[in-house]
Amino acid sequence: MERLRVVTDAKLKFLRDHMTLLDEAFKELSDTQDQELDLVYAKIKEIEDRMNRQGPK
């Protein structure tokens with residue numbers, strides 16, 4: 001019975017550790033996507049500003 005408890009505890013620790021790593025990875029991915037979107041929006045704004053200064057052709 002003690003062996004089963006030790007194995008179960010080890011498996012739970014393994015799962016907790018991996019969940020922590022996955023949570024960190026998803027947060028990093030989310031941060032990266034937000035930064036990329038910020039760059040895209042900044043570029044769109046820059047292009048719109050240039051088009052507004054040049055006027056219609």
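Summary table
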{"quantity": "For the chain, the spread of Cα positions along each principal axis, largest first, Å", "calculated": "82, 11, 6"}
{"quantity": "Using θ = phi - 60° and Karplus 6.51 cos²θ - 1.76 cosθ + 1.60, couplings along the stretch 20-33 (whole Hz; Gly, Pro as x)", "calculated": "4, 4, 5, 4, 5, 5, 5, 5, 4, 4, 4, 4, 5, 4"}
{"quantity": "Solvent-accessible area, 1.4 Å probe, carbon plus sulfur percent, for the chain", "calculated": "62 percent"}
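The values are calculated or read from the model by the stated rules, or taken from the named source; none is laboratory data. Remember, predicted model here, so these are calculated numbers, not experimental data. Note: accessible area is taken over every heavy atom of the protein model, side chains too, but ligands, DNA and RNA are not part of it. Shrake-Rupley method; radii C 1.70, N 1.55, O 1.52, S 1.80 Å.
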